[in-house]
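Read the structure below first, then the notes.
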Amino acid sequence: MLKIGKLIAQKATVANIVGKGPLAAATRFYSESAQQPDSDLPIDITNPYEKDPQKCILCKHNIAPHYKNVKLLSQFQSPYTGRIYGRHITGLCKNKQEQVEQAILRAQQCLLMPGYHKDLDFLQDPKLFDPERPVRPHKY
């Protein structure tokens, strides 16, 4: 009985390798279906509802703040107190906000900008942002 089982098992494997017998048709079907693309697979598409990443106004226009550009730097200074507006008001990225703060402090040390008020020449300039309506609400 064992010899017959071994003989059938050997013939079955030989038949599959040669491509004859009932198992050969099944293996041929599975190998052909693996080569054809499945129409049931998900398709990679972009999200139509995804918003564009927000960029700060200086990054968008590729502007580097410099201490000699007093007209630009005065936009980030309060006209009444001379304080530098925070990131949540200006909408600048962290890197540009730090550069603006350093440039304003350097311009004030070089006496190109006043420290306690905004220069009267720049009061009528167009606003880059509205200080009354912050870009990001602050935490208190």
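Give a residue-ordered list of calculated ³J(HN,Hα) values for segment 60-66 (Karplus: 6.51 cos²θ - 1.76 cosθ + 1.60, θ = phi - 60°; whole Hz; x for Gly, Pro).
Values, residue by residue: 4, 9, 6, 10, 9, x, 10 Hz.
I'd like the Karplus ³J(HN,Hα) series for segment 91-101: coefficients 6.51, -1.76, 1.60, θ = phi - 60°, whole numbers in Hz, and an x wherever there's a Gly or Pro.
Values per residue, Gly and Pro as x: x, 7, 6, 4, 5, 5, 4, 5, 5, 5, 4 Hz.
Can you list the HN-Hα couplings for segment 126-136, worked out from phi with the Karplus curve (6.51, -1.76, 1.60; θ = phi - 60°), rounded to whole Hz and with x for Gly and Pro?
After applying 6.51 cos²θ - 1.76 cosθ + 1.60, I find x, 7, 7, 7, 9, x, 6, 10, x, 5, 10 Hz.
Could you report segment 57-122's accessible area per residue, 1.4 Å probe, as an integer in Å²? Don't skip to the answer; put the middle values down first.
Numbers: 4050 Å² over 66 residues.
The answer is 61 Å² per residue.
Quick one: which residues, 5 or more positions from residue 82 or on another chain, have an amide H under 5 Å from its amide H? H modelled 1.01 Å from N in the peptide plane, none for Pro or chain starts.
Excluding prolines and chain starts, which carry no amide H, the hits are 118.
With the contact rule set at Cα under 8 Å and sequence spacing of 6 or more, what percent relative contact order holds for segment 75-140?
Working: 62 pairs, mean separation 31.4, N = 66.
The normalised contact order for segment 75-140 reaches 48 percent.
The values are calculated or read from the model by the stated rules, or taken from the named source; none is laboratory data. For clarity, every value in this text was computed on a predicted model and none was experimentally measured. These accessible areas exclude ligands, DNA and RNA; they are computed on the full protein's heavy atoms, side chains included. Shrake-Rupley method; radii C 1.70, N 1.55, O 1.52, S 1.80 Å.
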